[in-house]
Amino acid sequence: MADGAALRWDVALYGGCSLFAAGLGAFSGLTAHRTWAQVATVGYAAAALVASGQWLLARRGLSGAGVVARSLLAGCAWLVTAMVPMLLFALGRADGRPSRAHLEVRVIEWAGDRWLNTGTPYLDRDLIAALPAADQLGAYAPYQPVMAVFGLPRALDPGSGWWSDARVWFTVAALLALVGAVVVLREADAGARLRALQAVTVLPSAALAATVGGDDLPVLALCLLALALAARSRIGTAGLVVGAAAALKLIAWPVAVVLAVHAATHGRRPLARFLLGAVGVPVLTVLPALLAGPRAVAENTVFFPLGLGLVSSPADAALPGNVIASQLPGGKAIAIGLLLAAGAGFAVWLWRCPPRTAGATAAVSALGLLAAMGLMPATRFGYLLYPLALLLWVPALRRGLWVSRSEPVERLPHPERLAVG
């Protein structure tokens, strides 16, 4: 039977999500957000009501309130608040309502079309400048080349049906990675695994993203799978998986760096196996685009995210880096300097206190990403999905710790020995 505290948490979780969705529906200026909120508010409220019933059953010592029942409720809540709205939005867009998808969905689909027809998903600065001003923002693709794969179904579908919507394939990829992570952590506490899954499926940060955008979900899910593999000391495979995440989006690189430091605490050979995939996969996948146009790669993946493109990024959440960049003279340079300084400080911290467990690696990655998001000149509140999910995965990763008896792990006794790795 589920612990009473866990059931009370479920009630608070679903109830809080319902209140958040209701507030978003009342105050958001985005039509897509308000439409999602109308469905999600009811879905979360119903889940909170059912969770309250489970809690009452548990208090009376009756069955029906165990982890299996809680998992079924979480699955239903995910279907109602994420999958059903996403499919309805995809259908509405296929029927001629483009507002049913955020710009990033269309950008990735356009990148897929360019990749299919020109061999690169990017346009260089001169080609972007030649476009009408209204089209320049959508011409930027601030992602790694492999992200364009999710745009290929739309490029191959002349009728633009719902099934070719990039969000459908974001969801499929994320689910496959999450299922893999759960299987890898099958020996972890069931309650901890459920809480971890709720963080990337049920919470509004994930459900809303899946509905209107969703490009962060496969990146995050691959990072979580890599951490789960690290918890089972499968360092080489973790490197390949986090390398795949880094080949989609640069935001995965901080997680890859912290995982590399964690791999180094296991010895030089595990570190080498990790780096082979973590560095090799993104490097190999970006090479064709670099050969096709290095200036275009830099313009889209470096200059534009730093606020140095022809147009400003729509990522303008009122976080410290964005406020500094937009309100102070020379603010962009100041924000970038602070970001670099924070990165240097974070590197020193990793050197002196390397994370020796996957749980610690997830926690350190969350703190690093939180600091980076706060100082980036162009950022958005939706990116907070990453540190939130990473923190909520820490208990499952700690309880999933396992070391193969056939492959003894060499742990470095002193942080300074990291230099050898």
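Checking each residue in segment 48-62 for being of a type in the set (D, E, K, R) and either in a loop (DSSP other than H, G, I, E, B) or touching a residue at least 60 places away in the same chain (Cβ under 8 Å) (or both) picks out only Arg60.
Scanning segment 355-379 for residues that are closer than 16 Å to Ala238 by Cβ and either surrounded by fewer than 23 Cβ atoms within 10 Å (Cβ to Cβ) or free of Cβ contacts under 8 Å to residues at least 24 places away in the same chain (or both) yields Pro355, Arg356, Thr357, Gly359, Ala360. Just to be sure before I move on: is Gly400 modelled with pLDDT under 70, in contact with a helix residue (DSSP H, G or I) (Cβ under 6 Å, 6 or more places away or on another chain) and either buried (at least 20 other Cβ atoms within 10 Å of the Cβ) or not small (Gly, Ala, Ser) (or both) in the structure I sent? Yes: the conditions hold for Gly400. In summary, helices (runs of 4 or more DSSP H) completely within segment 122-220 and bearing 3 or more residues that are in contact with a Leu (Cβ under 8 Å, 6 or more places away or on another chain) and among the hydrophobic types (A, V, I, L, M, F, W, C) occur at 152-156, 166-184, 190-201, 204-212. For segment 287-304, the set of residues classified as touching a Gly at 6+ places or on another chain (Cβ under 9 Å) and within 13 Å of Trp115 (Cα to Cα) consists of Pro288, Ala289, Ala292, listed by residue number. Mind checking which residues of segment 87-119 are hydroxyl-bearing (Ser, Thr, Tyr) and either within 27 Å of Ala207 (Cβ to Cβ) or at pLDDT 95 or above (or both)? Scanning segment 87-119 gives a single hit, Ser99.
Within segment 63-76, the set of residues being modelled with pLDDT of 90 or more and either within 20 Å of the chain's Cα centre (by Cα) or part of a loop (DSSP other than H, G, I, E, B) (or both) comprises Ala74, Gly75.
Yes/no per residue for (1) out of contact with any Phe, Trp or Tyr (no Cβ under 9 Å at 6 or more places or on another chain); (2) closer than 29 Å to Leu275 by Cβ:
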{"position": "Ala134", "(1), (2)": "yes, no"}
{"position": "Ala148", "(1), (2)": "no, yes"}
{"position": "Ala181", "(1), (2)": "no, yes"}
{"position": "Ala221", "(1), (2)": "yes, yes"}
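Which residues, counting only those in segment 1-47, are assigned to a loop (DSSP other than H, G, I, E, B), surrounded by fewer than 17 Cβ atoms within 10 Å (Cβ to Cβ) and among the hydrophobic types (A, V, I, L, M, F, W, C)? Passing the criteria: Met1, Leu30. Just one of the listed residues (Arg232, Arg268) is modelled with pLDDT under 95, touching a helix residue (DSSP H, G or I) at 6+ places or on another chain (Cβ under 8 Å) and surrounded by fewer than 24 Cβ atoms within 10 Å (Cβ to Cβ), namely Arg232. Looking across segment 11-36, the residues that are in contact with a Ser or Thr (Cβ under 8 Å, 6 or more places away or on another chain), in contact (Cβ under 8 Å) with a residue 60 or more places away in the chain and closer than 17 Å to Val84 by Cβ come down to Cys17, Ala21, Ala32, Trp36. So how many residues does segment 156-167 have that are over 16 Å from the mean Cα position of the chain (by Cα) and surrounded by 17 or more Cβ atoms within 10 Å (Cβ to Cβ)? Looking only at that region, the number is 3.
The values are calculated or read from the model by the stated rules, or taken from the named source; none is laboratory data. Remember, it's a predicted structure, so these values are computed and weren't measured experimentally. As a convention, Cβ positions derive from the backbone with ideal geometry for all residues, glycine included, and neighbour counts pool all protein chains shown.
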